[in-house]
Every structure is written in C-alpha cells, then in structure tokens.
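A.B. asks: Submitted below is the structure of interest, expressed as structure tokens.
The values are calculated or read from the model by the stated rules, or taken from the named source; none is laboratory data. On a predicted model such as this, the values are computed, not experimentally measured, just so you know. Here the Cβ positions follow ideal geometry from the backbone for every residue, glycine too, while neighbour counts run over all protein chains shown. For the accessible areas, the whole protein counts, side chains as well, though only heavy atoms, and no ligand, DNA or RNA atoms are used. Shrake-Rupley method; radii C 1.70, N 1.55, O 1.52, S 1.80 Å.
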Amino acid sequence: MSHPRIAVLNAAHRDENTTRNFRRELDASLAEFDATDGTVPDDFDYDGAVVTGSRSSVYWDDDWMRPVKEWVGEAIDRGVPFLGVCWGHQLLADVLGGTVEDMGVYEVGYSEIDHTGESRLFDGVDETFLSFTSHSDAVTELPPGAEPLAENDYSNHGFRKDRVFGVQFHPEYDAKTARELVHRKELSDERRESVLAEITDANYRRSCEAKLVFENFLEFVRETKRVDATDASASTGRSD
C-alpha cells in the first residue's frame, strides 16, 4: 500500500492555503471534505483520516460540528487511524473525552516545543524542535488513557490514544501561510511586526523537521493496514 487512502476533513473555512499545504505534505491518495458545511464521508472505507485547523472553537455549538464529531467518533470506534492538527488536535481530544478551553492568551509565531518520551510520530525529530503555532484554545485535560507527546510553556502540543494522534502546532505551514495568517489576526502593530520578523527562510527551514510527523503518520497507517489484513486472514483461515 504505497499510497494509502486518506480522508481529509478540512475545517479551515475554505482557506485555499490549507488545501495546498496538506496536499503537499501528505504523500497519499486524498479525499477532501469541507467540514464547515457539515460534509463528511459517506462511509469509513479509508486507511486513515486527517482533521485540519480551523478559526472556530471546538466548544462552540455550531451546527456543522455535530456531523463531524459523529463521523469522527464512529471512525475511531472502527479503528481508523487519525491525525489532528491544531483545531483537529482539539477536536480529537474532545471526541475522546478530553477537555478543550480558552487559554486566555494567544500563542502565535515560531515556537520551540519539546516532545516527551518515545513516540513513533516524532521519529527523526529532535527532542526540542521549532514549528509555527497559532492558537488561543488548548487541550487542558487529555482524554482518559491518552499519552502526552509534546508540550511547551503554553500548552500540550501532542497526544496519542491508540490509533489517534494530535498535534497542536502547524507542521504543514509554509511562509506564505504564516504571513497571511499574521496579517489577518487582530494584533497590536508591535506584536504583528515582531511575529512577521520571525518568518524567515532560516526559521522555516528549521521548522521543516516537524513535517516528519506526516511521513511518520502515513507509515503508521501502512503498518496498521498490514496488521489488520493479517488479522483478517488469520480469522478466516486464509493464508494468501
């Protein structure tokens, strides 16, 4: 399975940067769904799924979130591997019984993050790494049984529970996406200029190490598919 079939739940309110970024970073056969109009896959015939970032908050009572949460919950129950990024990270935590809250501060710009313990999602990534961040909500309580994977002084930045992974940072961002986000946010002139000054070629190159989470997730998807196929063959007595 060289190109796994991945469902991408795009919650970015039609931000064209999101589609471009995930298509670039995910070396897979992608089926994209506009989550913000409540569109989800008709079935669960996918090797894995990815949930993107969003300008919304997981705890808002927006109509479009209900079918998304329902599909995600059932897909997890069926064993579909998941990767959530930023809002997606928070949504997966919420669906699994964790808590997402407003931090009272806004983390934005290139941040140093520590990944803790051993996690295959961070294979090849330094213990302390750089990635672009943009969030004022955070997972303040992990889902029951979840393992923390990454953090900094602001919040949890990663977790795993069984086949579900979440990262709060934005490994998919390129410099264009980062600059456009900063320009549209309500920031003081001083803070805006400070964050824009961080968006350099050097910082972007350093942050590219974090993109390995996509490659590592896809390899996890491939391994999971092989294990499931082996288990299915064993249960039917087939050896082919």
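A.B. asks: Please determine, in degrees from 0 to 90 and to the nearest 10, the orientation of helix 189-198 with respect to the longest principal axis defined by the Cα atoms of the chain, where the helix direction is its Cα long axis.
C.D. replies: The helix 189-198 is inclined about 50 degrees to the chain.
A.B. asks: How big is the accessible area of Phe33 in square angstrom, nearest 10, if you roll a 1.4 angstrom probe over the protein chains?
C.D. replies: 40
A.B. asks: Another question, if that's okay. Grab the other residues whose beta carbon is less than 10 angstrom from that of Leu181, score K and R as +1, D and E as -1, and report the net.
C.D. replies: So the environment of Leu181 carries a net charge of +3.
A.B. asks: What angle do you read, to the nearest 10 degrees and between 0 and 90, between the alpha-carbon axis of helix 16-25 and the longest principal axis of the chain?
C.D. replies: It works out to around 50 degrees.
A.B. asks: To continue, here is another question. Compute the separation of the alpha-carbon centres of region 16-52 and region 151-195 and state it in Å as a whole number.
C.D. replies: Between the Cα centres of region 16-52 and region 151-195 lies a distance of 20 Å.
A.B. asks: Taking H placed 1.01 Å from N in the peptide plane, check which residues at least 5 places from Glu32 or on another chain put their amide H under 5 Å from its amide H.
C.D. replies: Those qualifying (amide H under 5 Å, at least 5 residues apart or on another chain) are Val8.
A.B. asks: How compact and how long is region 106-240, expressed as Rg and Dmax of its alpha-carbon atoms in Å?
C.D. replies: 18.3, 67
A.B. asks: Counting only residues 5 or more places away or on other chains, whose amide H sits under 5 Å from the amide H of Ser131 once H atoms are built in the peptide plane?
C.D. replies: Amide H to amide H, under 5 Å and 5 or more residues apart or across chains, Ser131 pairs with Ser111, Ile113.
A.B. asks: Turning to a different aspect of this structure: Protein chains only, probe 1.4 Å: how do Glu70, Glu25 rank by accessible area, largest first? Intermediate values should be presented prior to the final figure.
C.D. replies: Details: Glu70 130, Glu25 35 Å².
The ranking, largest first, comes out as Glu70, Glu25.
A.B. asks: Relative contact order for the chain: what is it in percent, counting Cα pairs under 8 Å that are at least 6 residues apart?
C.D. replies: Relative contact order of the chain: 19 percent.
A.B. asks: Then there's this: Relative to the longest principal axis of the C-alpha atoms of the chain, give the angle of the C-alpha long axis of helix 65-77, reported between 0 and 90° and rounded to the nearest 10°.
C.D. replies: 40
A.B. asks: Using θ = phi - 60° and the Karplus form 6.51 cos²θ - 1.76 cosθ + 1.60, what ³J(HN,Hα) does each residue of region 140-157 get, whole Hz, x for Gly and Pro?
C.D. replies: 8, 9, 5, x, x, x, 7, 9, x, 10, 7, 6, 9, 5, 7, 5, 4, 10
A.B. asks: Shifting gears a bit: Please check: in the Gaussian network model of the chain (C-alpha springs, under 10 Å), which one of Asp137, Asp228, Asp27 has the largest mean-square fluctuation.
C.D. replies: Answer for the Gaussian network model of the chain: Asp228.
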